Amino acid sequence: MRILAQQLVLGLMLGGLYGLAAAGLSLVFGVLKVLNVAHGELIMLGGYAAFFVVGLFGLDPFASLLLVVPLSLLLGVALYAGLFGFVVRASEETRVKNSLLIGFGLALSLHALAVRLWTADERSIITPYGGAVLRVGGLSIPVLRLTILALAFALIAALHLLLTRWRWGRAIRATAEDWEAALLSGIDVRRAYLLAFALGTALAGAAGTLVAIGYSVSPSIGLEWTLKALIVVVLAGLGSMIGTFVGGLVLGAAEALSGFTFGGPYREVVGLAIFVVVLVARPRGFFGR
Amino acid sequence: MLEVQDLEVSYGDVRALGGVTLTVGAGEIVALLGPNGAGKSTLLKSIAGLLRPRGGSIRWEGEDLGAVGAHEIVERGLALVPEGRRLFGSMTVGENLELGAFAPHARRVHAESLERVYALFPALRERRGQLVRALSGGQQQMVAVGRALMSAPRLLMLDEPSLGIAPRLVASIFDSLVEINRAGVGVFLVEQNVRASLSFAHRAYVLEGGRVVGSGPAAALLEDPHVRRAYLGPLAVRA
């Protein structure tokens, strides 16, 4: 019983990162109607950026977010201007197809580039407080991963505030819901697309930083993170960032539970099962509008 | 003043408008009548910048709108209440109205605009915190008109505002349009409800098969045999 509880705690902490990874994917998909399958590679890039920022400047690992997030935002602007801005001009039906082509191309290129530049080795950021553990009623809670969970939630909450309080945040939501009506309200829809894509990339960068701190990065982690994020997006549905975070926690807990019950190799299966079951039973997701 | 000259619009190879010419003067109420598929919505969407014409021109206060983006057309003082309302259903009444004042010139007068909308539709003030999709059709139409008014337009275009609304509420929507017009805002109205729209419009155009086939003062069109036969039904001819 204690082992199960311990596994669940660890699962929830990983789940917070799933939620953060999914938030960026969900934002871009919901607003641009573009499925960015290179989202995981953007997370990977964020992880390396944090790794090198910490190594070069000797920053506190968490403080590297202050550099990595703005850099990712700029990368998002560049990717939109150079690639995804063209996809968005297509009609909505052809958009997803085109975005898959561009996304897979981008994912493969970034993966190859990362292997070339940084080799295929796994890396993680060594933190001074890496080993600290909180003991709560017989459970061990790693302080580092707990901090990561808290930060992931804080970032999601900040995004939620941005989308509900900020003028352009509301414009982004309006565009997601009905871009023609947004245009008729005087919203520059192209700019809303750009902002949403840049924010999505910034979220990927933040997720990557936390992955590099709490877990590890290598050039090949992209696909796995894209898949986890996609499962969470399907599970949670579009339109609620808090819901997406909860969806991430659910996936993390479900993986832990299935790993405990059926053994380690079956951890990954439960996510795919969730994917199929939700698509059949509730295609809108659990928090979708 | 809105001047549409020889406007041609196509969907792929299908021609929707084949050379439409019409004008809407400042502060005028003009109705656009015609059967389904005549191109009425196409015309409004083209003026609003959602569709790009293949030929002809649209001028607003002397400026050619051909190269002006849809969101900038709102900034110029032209607002469209689209067919089917197209509200942001997962947002509140208040948020929908706020979004209507997104254009820079509308933002500056947003407080006055909001007061004007609430004065026009008092029911919306009480419901400003409610989600739009929880409202009735008539109330949603009020939000749609309110959202367009929040952009502080000088010309308000409406695409079938009476569609799917209880008859009792249709009258109140039309009353509010008269009131909006009294404040100096031009109204360009597409309606299936021909009798109601001709009773309060100053002028009207009849659009059939993508062309203007009739126009004149509303009172004259009410007496026009073709209009009576085609749009007011056989009973109207006998009366």
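The values are calculated or read from the model by the stated rules, or taken from the named source; none is laboratory data. Given the structure is predicted, the values throughout are model-derived calculations rather than measurements. Because the Cβ atoms are built from the backbone with ideal geometry, glycine has one as well, and the counts that use them run over all protein chains shown. Surface accessibility is based on the protein's heavy atoms, side chains included, excluding ligands, DNA and RNA. Shrake-Rupley method; radii C 1.70, N 1.55, O 1.52, S 1.80 Å.
Mind checking whether some residue in the range A:101-118 is assigned to a strand (DSSP E or B), within 15 Å of A:Ala212 (Cβ to Cβ) and either touching a residue at least 40 places away in the same chain (Cβ under 8 Å) or of a type outside the set (Gly, Ala, Ser) (or both)?
Residues of the range A:101-118 that are assigned to a strand (DSSP E or B), as a first pass: none.
So far as the range A:101-118 goes, no, none of its residues is assigned to a strand (DSSP E or B), within 15 Å of A:Ala212 (Cβ to Cβ) and either touching a residue at least 40 places away in the same chain (Cβ under 8 Å) or of a type outside the set (Gly, Ala, Ser) (or both).
Considering only the range B:79-103, how many residues are within 18 Å of the chain's Cα centre (by Cα), within 7 Å of chain A (Cβ to nearest Cβ) and closer than 11 Å to A:Leu183 by Cα?
Here the count works out to 2.
Select from the range A:198-237 the residues that are open to solvent by less than 10 Å² (accessible area, probe 1.4 Å) and free of Cβ contacts under 8 Å to residues at least 60 places away in the same chain and list them in ascending order.
A:Gly237
Residues in the range B:104-117 that are more than 8 Å from chain A (Cβ to nearest Cβ) and either touching a residue at least 24 places away in the same chain (Cβ under 8 Å) or under 18 Å from the mean Cα position of the chain (by Cα) (or both): how many?
Our first condition is that a residue be more than 8 Å from chain A (Cβ to nearest Cβ); within the range B:104-117, this holds for B:104-105, B:107-117.
Still in the list and also either touching a residue at least 24 places away in the same chain (Cβ under 8 Å) or under 18 Å from the mean Cα position of the chain (by Cα) (or both): B:104-105, B:109-110, B:113-114, B:116-117.
Within the range B:104-117, residues that are more than 8 Å from chain A (Cβ to nearest Cβ) and either touching a residue at least 24 places away in the same chain (Cβ under 8 Å) or under 18 Å from the mean Cα position of the chain (by Cα) (or both) number 8.
Report the residue count in the range A:78-91 for those that are assigned to a helix (DSSP H, G or I), surrounded by fewer than 16 Cβ atoms within 10 Å (Cβ to Cβ) and either of a type in the set (Lys, Arg) or within 18 Å of the chain's Cα centre (by Cα) (or both).
The number of residues fulfilling the criteria is 0.
Which condition number does A:Val34 fail, the rest of (1) outside any loop (DSSP other than H, G, I, E, B); (2) within 19 Å of A:Ala176 (Cβ to Cβ); (3) open to solvent by less than 10 Å² (accessible area, probe 1.4 Å) being met?
Every condition holds for A:Val34 apart from (1).
Could you check, for the range B:43-60, whether at least one of its residues is of a type in the set (Lys, Arg), within 11 Å of another protein chain (Cβ to nearest Cβ) and either within 14 Å of the chain's Cα centre (by Cα) or open to solvent by 30 Å² or more (accessible area, probe 1.4 Å) (or both)? Show your work before the answer.
Start the filter on the range B:43-60 by keeping residues that are of a type in the set (Lys, Arg), which leaves B:45, B:52, B:54, B:59.
If we keep only those that are within 11 Å of another protein chain (Cβ to nearest Cβ) as well, we get B:45.
Subsequent filtering for residues that are either within 14 Å of the chain's Cα centre (by Cα) or open to solvent by 30 Å² or more (accessible area, probe 1.4 Å) (or both) retains B:45.
Looking for residues that are of a type in the set (Lys, Arg), within 11 Å of another protein chain (Cβ to nearest Cβ) and either within 14 Å of the chain's Cα centre (by Cα) or open to solvent by 30 Å² or more (accessible area, probe 1.4 Å) (or both), one finds at least one in the range B:43-60, hence yes.
Report the residue count in the range B:121-151 for those that are of a type outside the set (Val, Ile, Thr) and in a helix (DSSP H, G or I).
In the first step, residues of the range B:121-151 are kept if they are of a type outside the set (Val, Ile, Thr); the result is B:121-131, B:133-142, B:144, B:146-151.
Pick out the ones that are also in a helix (DSSP H, G or I) and you get B:122-126, B:133-134, B:137-142, B:144, B:146-149.
Number satisfying all stated conditions: 18.
Looking at the range A:186-197, can you tell me whether even one residue there is within 15 Å of the chain's Cα centre (by Cα) and either crowded, with 20+ Cβ neighbours inside 10 Å or within 12 Å of another protein chain (Cβ to nearest Cβ) (or both)?
Our first condition is that a residue be within 15 Å of the chain's Cα centre (by Cα); within the range A:186-197, this holds for A:196-197.
Then keep just the ones that are either crowded, with 20+ Cβ neighbours inside 10 Å or within 12 Å of another protein chain (Cβ to nearest Cβ) (or both); that gives A:196-197.
Yes; the residues of the range A:186-197 include at least one that is within 15 Å of the chain's Cα centre (by Cα) and either crowded, with 20+ Cβ neighbours inside 10 Å or within 12 Å of another protein chain (Cβ to nearest Cβ) (or both).
Could you check A:Ala181 against (1) surrounded by 14 or more Cβ atoms within 10 Å (Cβ to Cβ); (2) more than 9 Å from chain B (Cβ to nearest Cβ); (3) without any contact (Cβ under 8 Å) to a residue 12 or more places away in the chain and say which number it fails?
Status for A:Ala181: all satisfied but (2).
Identify the residue in the range A:151-168 that is more than 15 Å from the chain's Cα centre (by Cα) and without any contact (Cβ under 8 Å) to a residue 40 or more places away in the chain and, among all such residues, is most open to solvent (accessible area, probe 1.4 Å). Spell out how you get there, then give the answer.
So in the range A:151-168, the residues more than 15 Å from the chain's Cα centre (by Cα) come out as A:161-168.
Next cut, without any contact (Cβ under 8 Å) to a residue 40 or more places away in the chain only: A:161-162, A:164-168.
Values: A:Leu161: 87, A:Leu162: 65, A:Thr164: 34, A:Arg165: 174, A:Trp166: 99, A:Arg167: 70, A:Trp168: 30 Å².
Among residues in the range A:151-168 that are more than 15 Å from the chain's Cα centre (by Cα) and without any contact (Cβ under 8 Å) to a residue 40 or more places away in the chain, the one most open to solvent (accessible area, probe 1.4 Å) is A:Arg165.
Given the criteria basic (Lys, Arg) and surrounded by 14 or more Cβ atoms within 10 Å (Cβ to Cβ), does B:Arg133 qualify?
On the way: basic (Lys, Arg): yes; surrounded by 14 or more Cβ atoms within 10 Å (Cβ to Cβ): no.
No, not satisfied.
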